[in-house]
Amino acid sequence: MRVAVIGTGYVGLVVGAGLADSGNDVVCADIDYDKIGRLDAGEIPIYEPGLAPLVERNLEDGRLRFSTDVAGAVRESDVIFIAVGTPPGEDGSADLQHVLDVAGIIGRNMNGEKVVITKSTVPVGTAARVRAVIEQNTSVPVHVCSNPEFLKEGAAVDDFMKPDRVVVGVDSAHARAVLEQLYAPFVRTGNPVIFMDIASAEITKYAANAMLAVRISFMNMIAGLCDRVGADVTLVRKGIGTDARIGPAFLFAGCGYGGSCFPKDVQALIRTLKQHGVDPGVLEAAERINGGQKQLLLERVHEHYGADLRGLTFGVWGLSFKPETDDMREAPSVVVINGLLAAGAAVQAHDPEALEAARRVFGDRIVYASTNYDAIEGADALIIVTEWKQYRTPDFARMRSRMRQAVILDGRNIFDPAVVARAGFEYRGVGRSSPARTERAGA
Ligand SMILES: NC(=O)c1ccc[n+]([C@@H]2O[C@H](COP(=O)([O-])OP(=O)(O)OC[C@H]3O[C@@H](n4cnc5c(N)ncnc54)[C@H](O)[C@@H]3O)[C@@H](O)[C@H]2O)c1
(Lines give C-alpha, C1' and ligand atoms only; values in the text may rest on other atoms or scores of the structure.)
Protein backbone atom coordinates (compact mmCIF):
# COMPACT_ATOMS: atom_id res chain seq x y z
CA MET A 1 0.00 0.00 0.00
CA ARG A 2 1.05 3.60 -0.52
CA VAL A 3 1.10 5.11 2.95
CA ALA A 4 1.79 8.64 4.20
CA VAL A 5 2.55 9.27 7.85
CA ILE A 6 2.18 12.96 8.66
CA GLY A 7 4.21 13.96 11.72
CA THR A 8 7.54 12.23 12.20
CA GLY A 9 7.93 12.30 15.98
CA TYR A 10 8.19 9.43 18.44
CA VAL A 11 5.00 7.89 17.08
CA GLY A 12 5.12 8.79 13.39
CA LEU A 13 8.68 7.62 12.88
CA VAL A 14 8.05 4.25 14.52
CA VAL A 15 4.74 3.74 12.70
CA GLY A 16 6.25 4.77 9.35
CA ALA A 17 9.31 2.55 9.71
CA GLY A 18 7.20 -0.35 11.01
CA LEU A 19 4.73 -0.16 8.12
CA ALA A 20 7.59 0.08 5.62
CA ASP A 21 9.12 -3.02 7.17
CA SER A 22 6.01 -5.02 6.34
CA GLY A 23 6.33 -4.07 2.66
CA ASN A 24 4.38 -0.85 2.28
CA ASP A 25 5.70 2.20 0.41
CA VAL A 26 5.85 4.81 3.13
CA VAL A 27 6.55 8.51 3.05
CA CYS A 28 7.01 10.19 6.43
CA ALA A 29 6.27 13.91 6.15
CA ASP A 30 6.95 16.63 8.70
CA ILE A 31 7.15 20.41 8.65
CA ASP A 32 10.28 20.33 10.82
CA TYR A 33 12.96 20.83 8.16
CA ASP A 34 15.79 20.17 10.57
CA LYS A 35 14.32 16.83 11.64
CA ILE A 36 13.70 15.68 8.07
CA GLY A 37 17.20 16.82 7.08
CA ARG A 38 18.72 14.72 9.85
CA LEU A 39 16.60 11.71 8.94
CA ASP A 40 17.55 12.07 5.28
CA ALA A 41 21.19 12.07 6.35
CA GLY A 42 20.60 8.77 8.15
CA GLU A 43 20.52 10.32 11.63
CA ILE A 44 17.77 9.28 14.05
CA PRO A 45 16.73 12.40 15.99
CA ILE A 46 15.43 10.49 19.02
CA TYR A 47 16.71 7.63 21.16
CA GLU A 48 14.50 4.59 20.82
CA PRO A 49 15.90 1.05 21.10
CA GLY A 50 15.82 -0.83 17.78
CA LEU A 51 14.64 2.15 15.75
CA ALA A 52 17.91 3.01 13.98
CA PRO A 53 18.37 -0.37 12.22
CA LEU A 54 14.67 -0.47 11.30
CA VAL A 55 14.81 2.95 9.65
CA GLU A 56 18.16 2.24 8.01
CA ARG A 57 17.00 -1.08 6.51
CA ASN A 58 13.84 0.37 5.03
CA LEU A 59 15.57 3.48 3.72
CA GLU A 60 18.14 1.32 1.96
CA ASP A 61 15.45 -0.91 0.49
CA GLY A 62 13.61 2.16 -0.80
CA ARG A 63 10.35 1.49 1.02
CA LEU A 64 10.75 4.46 3.37
CA ARG A 65 11.25 8.11 2.47
CA PHE A 66 11.21 11.41 4.35
CA SER A 67 9.75 14.65 3.07
CA THR A 68 8.82 18.15 4.12
CA ASP A 69 6.17 18.24 1.39
CA VAL A 70 3.03 17.25 3.31
CA ALA A 71 0.71 18.02 0.36
CA GLY A 72 2.83 15.89 -1.98
CA ALA A 73 2.84 13.01 0.53
CA VAL A 74 -0.97 13.19 0.66
CA ARG A 75 -1.35 13.18 -3.12
CA GLU A 76 0.87 10.16 -3.66
CA SER A 77 -0.75 8.00 -0.95
CA ASP A 78 -3.95 5.99 -0.55
CA VAL A 79 -3.67 5.69 3.22
CA ILE A 80 -2.75 8.66 5.42
CA PHE A 81 -1.91 8.51 9.10
CA ILE A 82 -2.13 11.75 11.06
CA ALA A 83 0.53 11.44 13.79
CA VAL A 84 1.22 15.07 14.66
CA GLY A 85 1.45 16.35 18.22
CA THR A 86 -1.61 17.21 20.30
CA PRO A 87 -0.12 19.30 23.11
CA PRO A 88 -2.26 20.61 25.95
CA GLY A 89 -3.99 23.90 25.25
CA GLU A 90 -4.25 26.61 27.87
CA ASP A 91 -7.38 25.07 29.43
CA GLY A 92 -5.88 21.55 29.49
CA SER A 93 -7.85 20.32 26.47
CA ALA A 94 -5.91 18.74 23.60
CA ASP A 95 -4.79 21.39 21.13
CA LEU A 96 -6.04 20.11 17.77
CA GLN A 97 -4.52 22.86 15.67
CA HIS A 98 -1.90 20.60 14.05
CA VAL A 99 -4.39 17.78 13.43
CA LEU A 100 -6.89 20.13 11.80
CA ASP A 101 -4.13 21.86 9.77
CA VAL A 102 -3.22 18.47 8.34
CA ALA A 103 -6.91 17.72 7.67
CA GLY A 104 -7.07 20.94 5.63
CA ILE A 105 -4.02 19.93 3.59
CA ILE A 106 -5.52 16.49 3.00
CA GLY A 107 -8.81 18.04 1.87
CA ARG A 108 -7.05 20.29 -0.63
CA ASN A 109 -5.02 17.40 -2.06
CA MET A 110 -7.63 14.65 -2.42
CA ASN A 111 -6.78 13.40 -5.89
CA GLY A 112 -8.55 10.07 -5.28
CA GLU A 113 -10.41 8.05 -2.63
CA LYS A 114 -8.29 7.83 0.52
CA VAL A 115 -8.37 6.36 4.00
CA VAL A 116 -7.38 8.93 6.65
CA ILE A 117 -6.43 7.60 10.07
CA THR A 118 -6.12 9.68 13.22
CA LYS A 119 -3.17 8.11 15.03
CA SER A 120 -2.55 11.11 17.30
CA THR A 121 -4.28 10.95 20.68
CA VAL A 122 -7.37 13.06 20.15
CA PRO A 123 -10.57 13.69 22.14
CA VAL A 124 -13.80 11.98 21.23
CA GLY A 125 -15.38 13.71 18.26
CA THR A 126 -12.10 14.65 16.57
CA ALA A 127 -12.34 12.17 13.68
CA ALA A 128 -15.71 13.74 12.86
CA ARG A 129 -14.08 17.20 12.85
CA VAL A 130 -11.26 15.92 10.64
CA ARG A 131 -13.82 14.52 8.22
CA ALA A 132 -15.74 17.83 8.20
CA VAL A 133 -12.59 19.84 7.42
CA ILE A 134 -11.61 17.46 4.60
CA GLU A 135 -15.10 17.49 3.13
CA GLN A 136 -15.19 21.29 3.14
CA ASN A 137 -12.35 21.15 0.65
CA THR A 138 -13.26 18.26 -1.64
CA SER A 139 -16.08 16.11 -2.94
CA VAL A 140 -13.82 13.07 -3.43
CA PRO A 141 -14.88 10.29 -1.00
CA VAL A 142 -12.80 10.01 2.16
CA HIS A 143 -12.86 7.33 4.86
CA VAL A 144 -11.82 8.74 8.23
CA CYS A 145 -11.05 6.34 11.03
CA SER A 146 -9.42 6.32 14.45
CA ASN A 147 -6.47 4.08 15.26
CA PRO A 148 -4.99 5.22 18.56
CA GLU A 149 -1.43 4.21 19.28
CA PHE A 150 -0.49 2.35 22.46
CA LEU A 151 3.29 2.12 22.01
CA LYS A 152 5.48 2.97 24.98
CA GLU A 153 8.55 5.12 24.51
CA GLY A 154 11.57 2.97 25.30
CA ALA A 155 9.87 -0.12 23.83
CA ALA A 156 8.12 1.59 20.92
CA VAL A 157 9.44 -0.58 18.11
CA ASP A 158 8.55 -3.83 19.88
CA ASP A 159 5.16 -2.49 20.90
CA PHE A 160 4.35 -1.49 17.33
CA MET A 161 5.69 -4.65 15.71
CA LYS A 162 4.10 -6.97 18.29
CA PRO A 163 1.10 -5.12 19.69
CA ASP A 164 -0.98 -6.63 22.53
CA ARG A 165 -3.94 -5.43 20.53
CA VAL A 166 -4.78 -2.93 17.83
CA VAL A 167 -7.81 -0.71 18.33
CA VAL A 168 -9.54 0.66 15.25
CA GLY A 169 -12.65 2.81 15.08
CA VAL A 170 -14.30 2.66 11.65
CA ASP A 171 -17.57 3.48 10.00
CA SER A 172 -16.97 2.06 6.53
CA ALA A 173 -16.32 -1.45 5.23
CA HIS A 174 -13.55 -0.12 2.97
CA ALA A 175 -11.65 1.44 5.90
CA ARG A 176 -12.04 -1.75 7.90
CA ALA A 177 -10.63 -3.86 5.03
CA VAL A 178 -7.65 -1.52 4.57
CA LEU A 179 -6.80 -1.48 8.28
CA GLU A 180 -7.18 -5.26 8.49
CA GLN A 181 -4.72 -5.66 5.63
CA LEU A 182 -2.25 -3.12 7.07
CA TYR A 183 -2.14 -4.74 10.49
CA ALA A 184 -2.32 -8.41 9.45
CA PRO A 185 1.50 -8.83 9.44
CA PHE A 186 1.72 -7.55 13.03
CA VAL A 187 -0.94 -9.79 14.61
CA ARG A 188 -0.06 -13.16 13.13
CA THR A 189 0.26 -14.73 16.58
CA GLY A 190 -3.40 -14.03 17.18
CA ASN A 191 -3.40 -10.79 19.11
CA PRO A 192 -6.64 -9.05 18.27
CA VAL A 193 -7.42 -6.15 15.99
CA ILE A 194 -10.44 -4.80 17.83
CA PHE A 195 -12.84 -2.97 15.54
CA MET A 196 -15.36 -0.62 17.08
CA ASP A 197 -17.15 2.62 16.38
CA ILE A 198 -14.97 5.72 16.08
CA ALA A 199 -16.04 7.42 19.32
CA SER A 200 -15.30 4.29 21.36
CA ALA A 201 -11.83 4.00 19.81
CA GLU A 202 -11.06 7.63 20.62
CA ILE A 203 -12.16 7.15 24.22
CA THR A 204 -10.23 3.85 24.56
CA LYS A 205 -6.89 5.62 24.24
CA TYR A 206 -7.62 8.17 26.96
CA ALA A 207 -9.19 5.52 29.19
CA ALA A 208 -6.02 3.40 28.94
CA ASN A 209 -3.63 6.22 29.83
CA ALA A 210 -5.90 7.59 32.54
CA MET A 211 -6.25 4.15 34.13
CA LEU A 212 -2.46 3.71 34.22
CA ALA A 213 -1.95 7.20 35.67
CA VAL A 214 -4.56 6.47 38.34
CA ARG A 215 -2.78 3.24 39.30
CA ILE A 216 0.49 5.11 39.74
CA SER A 217 -1.08 7.87 41.82
CA PHE A 218 -2.99 5.30 43.84
CA MET A 219 0.25 3.58 44.77
CA ASN A 220 1.89 6.90 45.56
CA MET A 221 -0.96 7.63 47.94
CA ILE A 222 -0.40 4.25 49.63
CA ALA A 223 3.35 5.02 49.69
CA GLY A 224 2.59 8.20 51.64
CA LEU A 225 0.82 6.13 54.25
CA CYS A 226 3.64 3.56 54.34
CA ASP A 227 6.14 6.36 54.98
CA ARG A 228 4.16 7.66 57.90
CA VAL A 229 3.60 4.34 59.66
CA GLY A 230 6.90 2.57 58.92
CA ALA A 231 5.57 0.14 56.31
CA ASP A 232 7.08 -0.81 52.94
CA VAL A 233 5.11 -0.03 49.79
CA THR A 234 7.18 -2.51 47.75
CA LEU A 235 5.79 -5.30 49.93
CA VAL A 236 2.27 -3.92 49.68
CA ARG A 237 2.73 -3.89 45.89
CA LYS A 238 3.69 -7.57 45.92
CA GLY A 239 0.79 -8.31 48.20
CA ILE A 240 -1.80 -6.76 45.92
CA GLY A 241 -0.09 -7.29 42.54
CA THR A 242 -0.40 -11.07 42.90
CA ASP A 243 -4.18 -10.70 43.03
CA ALA A 244 -5.26 -11.70 39.52
CA ARG A 245 -7.94 -9.02 39.58
CA ILE A 246 -5.29 -6.33 40.12
CA GLY A 247 -2.11 -7.58 38.42
CA PRO A 248 1.45 -6.36 39.03
CA ALA A 249 1.99 -3.69 36.32
CA PHE A 250 2.05 0.05 36.96
CA LEU A 251 2.04 -0.28 40.73
CA PHE A 252 5.46 1.21 41.40
CA ALA A 253 5.55 4.11 43.83
CA GLY A 254 8.00 6.85 42.93
CA CYS A 255 8.60 10.53 42.33
CA GLY A 256 5.72 10.91 39.89
CA TYR A 257 4.79 10.19 36.31
CA GLY A 258 5.81 12.47 33.46
CA GLY A 259 6.29 12.19 29.73
CA SER A 260 4.44 13.51 26.75
CA CYS A 261 1.33 11.42 27.31
CA PHE A 262 0.04 10.77 30.83
CA PRO A 263 0.04 14.38 32.11
CA LYS A 264 -1.55 15.85 29.00
CA ASP A 265 -3.95 12.98 28.37
CA VAL A 266 -5.23 13.02 31.96
CA GLN A 267 -5.76 16.77 31.67
CA ALA A 268 -7.51 16.44 28.33
CA LEU A 269 -9.81 13.68 29.58
CA ILE A 270 -10.70 15.78 32.65
CA ARG A 271 -11.65 18.56 30.26
CA THR A 272 -13.74 16.25 28.04
CA LEU A 273 -15.51 14.74 31.05
CA LYS A 274 -16.39 18.21 32.34
CA GLN A 275 -17.64 19.29 28.92
CA HIS A 276 -20.03 16.37 28.99
CA GLY A 277 -21.13 16.86 32.59
CA VAL A 278 -19.32 13.78 33.95
CA ASP A 279 -17.52 14.04 37.31
CA PRO A 280 -13.75 13.73 36.67
CA GLY A 281 -12.95 13.48 40.40
CA VAL A 282 -10.85 10.31 40.16
CA LEU A 283 -8.60 11.88 37.56
CA GLU A 284 -8.35 15.21 39.35
CA ALA A 285 -7.14 13.35 42.43
CA ALA A 286 -4.61 11.38 40.37
CA GLU A 287 -3.28 14.58 38.86
CA ARG A 288 -3.10 16.36 42.22
CA ILE A 289 -1.26 13.45 43.85
CA ASN A 290 1.17 13.31 40.96
CA GLY A 291 1.93 17.03 41.26
CA GLY A 292 2.72 16.50 44.95
CA GLN A 293 4.82 13.45 44.18
CA LYS A 294 7.06 15.43 41.83
CA GLN A 295 7.84 17.70 44.82
CA LEU A 296 8.61 14.80 47.18
CA LEU A 297 12.35 14.61 46.58
CA LEU A 298 12.71 18.36 47.04
CA GLU A 299 10.77 18.17 50.29
CA ARG A 300 13.13 15.47 51.49
CA VAL A 301 16.15 17.54 50.52
CA HIS A 302 14.82 20.49 52.53
CA GLU A 303 13.92 18.26 55.49
CA HIS A 304 17.52 17.11 55.58
CA TYR A 305 19.47 20.24 54.61
CA GLY A 306 17.12 23.13 55.45
CA ALA A 307 15.68 25.78 53.14
CA ASP A 308 18.96 27.30 52.01
CA LEU A 309 20.97 24.93 49.82
CA ARG A 310 23.79 27.33 48.96
CA GLY A 311 27.19 25.63 49.13
CA LEU A 312 25.67 22.17 48.64
CA THR A 313 26.06 19.96 45.59
CA PHE A 314 23.58 17.33 44.49
CA GLY A 315 24.28 14.46 42.12
CA VAL A 316 21.22 13.52 40.06
CA TRP A 317 20.94 10.16 38.33
CA GLY A 318 18.39 10.08 35.54
CA LEU A 319 16.87 12.98 33.61
CA SER A 320 14.51 11.41 31.07
CA PHE A 321 10.95 10.91 32.27
CA LYS A 322 11.53 7.17 32.30
CA PRO A 323 14.35 4.77 31.34
CA GLU A 324 15.17 3.83 27.74
CA THR A 325 14.15 7.17 26.27
CA ASP A 326 15.70 10.61 25.86
CA ASP A 327 12.32 12.29 26.23
CA MET A 328 12.27 14.93 28.96
CA ARG A 329 8.77 16.26 28.44
CA GLU A 330 7.13 16.76 31.87
CA ALA A 331 9.99 14.81 33.48
CA PRO A 332 10.10 14.88 37.31
CA SER A 333 13.82 15.67 36.98
CA VAL A 334 12.92 19.15 35.72
CA VAL A 335 10.91 19.91 38.87
CA VAL A 336 13.62 18.49 41.12
CA ILE A 337 16.55 20.25 39.46
CA ASN A 338 14.79 23.61 39.10
CA GLY A 339 13.89 23.42 42.80
CA LEU A 340 17.47 22.63 43.81
CA LEU A 341 18.83 25.48 41.69
CA ALA A 342 16.23 27.92 43.04
CA ALA A 343 17.39 27.13 46.59
CA GLY A 344 20.99 27.87 45.63
CA ALA A 345 22.36 24.31 45.20
CA ALA A 346 24.78 23.14 42.53
CA VAL A 347 23.63 20.18 40.42
CA GLN A 348 25.70 17.54 38.63
CA ALA A 349 23.51 15.29 36.52
CA HIS A 350 23.90 12.10 34.56
CA ASP A 351 21.64 10.33 32.11
CA PRO A 352 22.64 7.63 29.62
CA GLU A 353 20.63 9.15 26.74
CA ALA A 354 18.97 12.43 27.70
CA LEU A 355 21.95 14.78 28.13
CA GLU A 356 21.31 16.50 24.80
CA ALA A 357 17.63 16.99 25.64
CA ALA A 358 18.63 18.16 29.13
CA ARG A 359 20.95 20.81 27.70
CA ARG A 360 17.96 22.30 25.91
CA VAL A 361 16.12 22.52 29.27
CA PHE A 362 18.86 23.60 31.70
CA GLY A 363 21.52 25.16 29.46
CA ASP A 364 24.67 25.83 31.44
CA ARG A 365 22.90 26.01 34.82
CA ILE A 366 23.98 22.46 35.75
CA VAL A 367 27.01 20.25 35.17
CA TYR A 368 26.52 17.33 32.77
CA ALA A 369 28.49 14.34 33.96
CA SER A 370 29.73 11.74 31.52
CA THR A 371 29.40 8.88 34.03
CA ASN A 372 27.07 8.36 36.96
CA TYR A 373 30.10 8.28 39.28
CA ASP A 374 31.28 11.67 37.99
CA ALA A 375 27.85 13.06 38.86
CA ILE A 376 28.38 12.36 42.57
CA GLU A 377 31.94 13.66 42.80
CA GLY A 378 32.00 15.81 45.96
CA ALA A 379 28.21 15.60 46.25
CA ASP A 380 26.26 16.09 49.46
CA ALA A 381 23.60 13.65 48.31
CA LEU A 382 22.68 11.45 45.39
CA ILE A 383 19.14 11.90 44.11
CA ILE A 384 17.79 9.14 41.89
CA VAL A 385 15.04 10.35 39.58
CA THR A 386 14.99 7.82 36.72
CA GLU A 387 15.45 4.09 37.20
CA TRP A 388 17.88 3.33 34.37
CA LYS A 389 19.03 -0.29 34.60
CA GLN A 390 22.72 0.64 34.80
CA TYR A 391 22.13 2.47 38.10
CA ARG A 392 20.80 -0.58 39.91
CA THR A 393 23.94 -2.33 41.10
CA PRO A 394 26.64 0.30 41.54
CA ASP A 395 29.87 0.00 43.51
CA PHE A 396 28.72 1.55 46.79
CA ALA A 397 32.25 1.77 48.21
CA ARG A 398 33.35 3.74 45.14
CA MET A 399 30.33 5.97 45.53
CA ARG A 400 31.06 6.68 49.19
CA SER A 401 34.66 7.54 48.48
CA ARG A 402 33.56 10.15 45.93
CA MET A 403 30.75 11.79 47.88
CA ARG A 404 31.09 14.50 50.51
CA GLN A 405 28.08 13.19 52.46
CA ALA A 406 26.81 9.60 52.18
CA VAL A 407 23.14 10.34 51.56
CA ILE A 408 20.91 8.74 48.93
CA LEU A 409 17.40 9.95 48.15
CA ASP A 410 15.95 7.29 45.90
CA GLY A 411 12.92 8.50 43.97
CA ARG A 412 12.42 5.12 42.28
CA ASN A 413 13.16 2.59 45.02
CA ILE A 414 15.92 0.96 42.99
CA PHE A 415 18.08 -0.02 45.98
CA ASP A 416 17.55 -2.41 48.84
CA PRO A 417 17.51 -0.15 51.94
CA ALA A 418 19.37 -2.77 54.01
CA VAL A 419 22.19 -3.05 51.44
CA VAL A 420 22.75 0.70 51.21
CA ALA A 421 22.55 1.06 54.98
CA ARG A 422 25.26 -1.63 55.35
CA ALA A 423 27.35 0.30 52.81
CA GLY A 424 27.19 3.26 55.18
CA PHE A 425 24.62 5.43 53.48
CA GLU A 426 21.73 7.30 54.92
CA TYR A 427 18.93 6.25 52.58
CA ARG A 428 15.35 7.22 51.87
CA GLY A 429 13.16 5.63 49.27
CA VAL A 430 9.50 6.34 48.53
CA GLY A 431 7.04 4.60 50.84
CA ARG A 432 9.81 2.52 52.38
CA SER A 433 10.79 3.37 55.86
CA SER A 434 14.51 3.41 56.56
CA PRO A 435 15.78 0.36 58.51
CA ALA A 436 15.83 2.49 61.67
CA ARG A 437 12.23 3.54 61.20
CA THR A 438 11.20 -0.04 60.46
CA GLU A 439 12.84 -1.13 63.70
CA ARG A 440 10.98 1.57 65.58
CA ALA A 441 7.78 0.38 63.96
CA GLY A 442 8.55 -3.13 65.20
CA ALA A 443 8.61 -4.65 61.69
N1 LIG B 1 5.07 9.61 22.44
C2 LIG B 1 4.33 8.58 22.78
O3 LIG B 1 4.76 7.69 23.52
C4 LIG B 1 2.93 8.44 22.26
C5 LIG B 1 2.27 7.20 22.39
C6 LIG B 1 0.99 7.09 21.88
C7 LIG B 1 0.36 8.18 21.31
N8 LIG B 1 1.01 9.37 21.22
C9 LIG B 1 0.33 10.49 20.57
O10 LIG B 1 0.82 10.59 19.23
C11 LIG B 1 0.87 11.96 18.83
C12 LIG B 1 2.28 12.32 18.42
O13 LIG B 1 3.12 12.17 19.56
P14 LIG B 1 4.71 12.23 19.45
O15 LIG B 1 5.24 11.92 20.79
O16 LIG B 1 5.15 11.44 18.26
O17 LIG B 1 4.89 13.79 19.16
P18 LIG B 1 6.22 14.54 18.67
O19 LIG B 1 6.11 15.90 19.23
O20 LIG B 1 7.42 13.71 18.94
O21 LIG B 1 6.04 14.59 17.09
C22 LIG B 1 5.05 15.32 16.45
C23 LIG B 1 5.59 15.73 15.08
O24 LIG B 1 4.53 16.33 14.34
C25 LIG B 1 5.11 17.35 13.54
N26 LIG B 1 4.07 18.26 13.08
C27 LIG B 1 3.38 19.19 13.78
N28 LIG B 1 2.52 19.84 12.97
C29 LIG B 1 2.66 19.30 11.75
C30 LIG B 1 2.03 19.52 10.50
N31 LIG B 1 1.08 20.46 10.36
N32 LIG B 1 2.42 18.79 9.43
C33 LIG B 1 3.38 17.85 9.57
N34 LIG B 1 4.00 17.58 10.72
C35 LIG B 1 3.65 18.29 11.80
C36 LIG B 1 6.13 17.98 14.46
O37 LIG B 1 7.09 18.72 13.73
C38 LIG B 1 6.71 16.76 15.15
O39 LIG B 1 7.85 16.25 14.48
C40 LIG B 1 0.33 12.76 20.02
O41 LIG B 1 -1.05 12.96 19.84
C42 LIG B 1 0.59 11.85 21.19
O43 LIG B 1 -0.31 12.09 22.25
C44 LIG B 1 2.29 9.52 21.67
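The values are calculated or read from the model by the stated rules, or taken from the named source; none is laboratory data. These figures come from a predicted structure and were not determined experimentally. Quick reminder, even Gly has a Cβ in these numbers, built from the backbone with ideal geometry, and neighbours come from all protein chains shown. These area figures cover heavy atoms from the full protein model, side chains too; ligands, DNA and RNA do not enter into them. Shrake-Rupley method; radii C 1.70, N 1.55, O 1.52, S 1.80 Å.
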Any chance you could get the radius of gyration and Dmax over the Cα atoms of segment 281-344, in Å? 13.4, 43
Using a 1.4 Å probe on heavy atoms of the protein chains only, the accessible area for I414 in Å², nearest 10, reads 20
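Please compute the alpha carbon radius of gyration of segment 146-216, then divide it by the globular-protein estimate 2.2 N^0.38 Å. Two decimals is fine.
1.14
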For the chain, give the share of DSSP beta bridges that are antiparallel, in percent and rounded to the nearest 5; count only bridges with both residues there. 5
Accessible area (Å², 1.4 Å probe, nearest 10) - V282: 100
Residue-by-residue Karplus 3J(HN,Hα) for segment 112-120, coefficients 6.51, -1.76, 1.60, Hz, glycine and proline x: x, 4, 9, 9, 10, 10, 7, 9, 4
Student exercise, the chain dipole from Lys, Arg, Asp, Glu Cβ charges, in Debye to nearest 20: 1120
Show me, for segment 267-276, the HN-Hα J-couplings you get by feeding each phi into the Karplus relation (A = 6.51, B = -1.76, C = 1.60, θ = phi - 60°), rounded to Hz, glycine and proline as x. 4, 5, 5, 4, 4, 5, 4, 4, 4, 9
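In whole angstrom, how long is each semi-axis of the equivalent ellipsoid of segment 222-329, when you take the square root of 5 times every eigenvalue of its Cα gyration tensor and sort them from largest down?
Working: eigenvalues 149, 89, 51 Å².
They are 27, 21, 16 Å, listed largest first.
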Sorting G292, A253, L273 by the position of each Cα along the dipole of segment 251-327 (Lys, Arg +1; Asp, Glu -1; all at Cβ), the one nearest the positive end of that ordering is L273
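What FRET efficiency comes out for D374 versus A184 if R0 is 45 angstrom and r is the Cβ-Cβ distance? Round to the nearest 0.05. Intermediate results must be reported in sequence, preceding the final value.
On the way: r = 49 Å, r/R0 = 1.10.
Working from the Cβ atoms, E equals 0.35.
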How big is segment 142-287 in terms of Cα radius of gyration and Dmax, in angstroms? 18.1, 61
Inter-label distance, nm, simple model (7 Å from Cα along the C-beta direction), R228/H304: 2.3
Say the dipole of segment 73-177 comes from +1 at the beta carbon of Lys and Arg and -1 at that of Asp and Glu; which of A173, A73, V133 then lies farthest toward its positive end? A173
Measure of size requested: the Rg and Dmax of the chain, with Cα atoms as the atom set and Å as the unit; please supply both. 23.7, 75
Relative contact order (%) - the chain, alpha-carbon pairs under 8 angstrom, separation at least six: 12
Helical mean residue ellipticity (222 nm; -39500 (n - 2.57) per DSSP H run of 4+; nearest 500) of the chain: -13500 deg cm²/dmol
Heavy atoms of the protein only, probe of 1.4 Å, neighbouring chains included. What is the accessible area of Y206 in Å², nearest 10? 10
Just reorder V430, V11 by solvent-accessible area, largest first, 1.4 Å probe, all chains present. V11, V430
